[in-house]
1. Just one of Arg40, Arg93 is part of a strand (DSSP E or B) and closer than 24 Å to Asn144 by Cα; which is it?
2. Can you say whether Pro87 is open to solvent by 40 Å² or more (accessible area, probe 1.4 Å) and either of a type outside the set (A, V, I, L, M) or on the phi < 0 side of the Ramachandran plot (or both), as far as the supplied structure shows?
3. Kindly evaluate Ser43 against the criterion of being of a type outside the set (Lys, Arg), touching a Ser or Thr at 6+ places or on another chain (Cβ under 7 Å) and open to solvent by less than 40 Å² (accessible area, probe 1.4 Å).
4. Scan region 96-113 residue by residue and report those that are part of a loop (DSSP other than H, G, I, E, B) and open to solvent by 100 Å² or more (accessible area, probe 1.4 Å).
5. Among the listed residues Leu199, Leu133, Leu203, Leu190, which satisfies the condition of being touching a residue at least 12 places away in the same chain (Cβ under 8 Å), over 24 Å from Arg93 (Cα atoms) and within 21 Å of the chain's Cα centre (by Cα)?
6. Do we find that Asn44 is of a type in the set (S, T, N, Q) and at pLDDT 90 or above in this structure?
7. Give region 46-70 a look and list any residue that's farther than 30 Å from His11 by Cβ, open to solvent by 60 Å² or more (accessible area, probe 1.4 Å) and under 23 Å from the mean Cα position of the chain (by Cα), or say none.
8. Give the number of residues within region 167-187 that are of a type in the set (A, V, I, L, M), open to solvent by less than 70 Å² (accessible area, probe 1.4 Å) and within 21 Å of the chain's Cα centre (by Cα).
Amino acid sequence: VTDRIKKFISHNIKNEDFVICEIGGTVGDIESLPFLEAIRQFSNDNEKKNCLFIHLTLVPYLEAAGETKTKPTQRSVKEMLSHGLQPDILICRSDGVLADEERGKIALFTNVEEGSVISMPDVNSIYKIPLELNNQKVDEIVVNKLNLKCRKASLIDWKRVIDEDLNPKDSVTVSMVGKYTELADAYKSLNEALRHGGLKNSLKVDIRYVDSELIN
C-alpha cells in the first residue's frame, strides 16, 4: 500500500519545483496511518533536505477559563513524532492571534523553531489567509528550508480578490434545488464556483436553498 501511495505522489513529475501533498484527517486516526508511513518513507527516499513537513493544528481558546490551550498541539506533534515525522513548520489555527509566550511554549515542547510556529487566527475572508501567512514570512521560511532562491512574492492579485470579496458593488440571489440542503458542505464546490463568479462580477452571491423533496 505504501509503495502505491509513493508512486502516486511522484507520478508524472517532470520539471516542477514543488510537489504539495495534503494528508487530511487527524493524526492518530487509523485511516491515515498508511499515508503517514508512506510520506515518512518518501522523505527518506528523496533525502530529508528535499522534503518539508507543515503540520496544521488547532489551538483552542477556552472562554470559561480565559485561557488558550497549547496541549492539544503538543500531543498532536508527539503523535507525529511517534510515526517518525518531525514537523518543520506548525500552522496554529485559533480564534485570535497567538501571544509570543504561547508560541514559545509550543516551540519548546514540539522541537520546532519558534519562528516556524505560525499563528493563523480567524479572518473575515478566506482569501486573507495567503496575506496572513506572507506577513509571517511562511513563504520565506519554506524556500529557505529547501535551500531555494526565489524572488519576493507578489500578492497584488490576492489583494484585488480580497477587495472584490469584501466590497461587492451589488448582489444576486441564486436558488439552489438539492436533496441535502441541510448539510453545509454538501454543495461546497458549486457554492465556491458561484462565489468566484460573483467575485469576477463584483457581486455578493446569496444562495437560497430549496429542498427538492418538498416540491413537485
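1. Values: Arg40 fails: part of a strand (DSSP E or B).
It is Arg93.
2. On the way: open to solvent by 40 Å² or more (accessible area, probe 1.4 Å): no; either of a type outside the set (A, V, I, L, M) or on the phi < 0 side of the Ramachandran plot (or both): yes.
Considered against the rule, which asks whether it is open to solvent by 40 Å² or more (accessible area, probe 1.4 Å) and either of a type outside the set (A, V, I, L, M) or on the phi < 0 side of the Ramachandran plot (or both), Pro87 comes out as no.
3. Values: of a type outside the set (Lys, Arg): yes; touching a Ser or Thr at 6+ places or on another chain (Cβ under 7 Å): no; open to solvent by less than 40 Å² (accessible area, probe 1.4 Å): yes.
Criteria not met by Ser43.
4. Start the filter on region 96-113 by keeping residues that are part of a loop (DSSP other than H, G, I, E, B), which leaves 96-99, 111-113.
Answer for region 96-113, where residues must be part of a loop (DSSP other than H, G, I, E, B) and open to solvent by 100 Å² or more (accessible area, probe 1.4 Å): Val97, Asn111, Glu113.
5. After ruling out the rest, the residue left standing is Leu190.
6. Working: of a type in the set (S, T, N, Q): yes; at pLDDT 90 or above: yes.
Yes.
7. Let us first name the residues in region 46-70 that are farther than 30 Å from His11 by Cβ, namely 58-70.
Add one more test, that the residue is open to solvent by 60 Å² or more (accessible area, probe 1.4 Å), and what stays is 58, 61-65, 67, 69.
Result: Leu58, Tyr61, Leu62, Lys69.
8. The first filter runs over region 167-187 and keeps only residues of a type in the set (A, V, I, L, M), leaving 172, 174, 176-177, 183-184, 186.
From what's left, open to solvent by less than 70 Å² (accessible area, probe 1.4 Å): 172, 174, 176, 186.
Still in the list and also within 21 Å of the chain's Cα centre (by Cα): 186.
So the count comes out to 1.
The values are calculated or read from the model by the stated rules, or taken from the named source; none is laboratory data. Note that the coordinates shown come from a computational prediction; the quantities given were computed from them, not determined experimentally. All Cβ positions, glycine included, derive from the backbone under ideal geometry; neighbour counts span all protein chains shown. Surface areas here come from the heavy atoms of the whole protein model, side chains and all, with no ligands, DNA or RNA. Shrake-Rupley method; radii C 1.70, N 1.55, O 1.52, S 1.80 Å.
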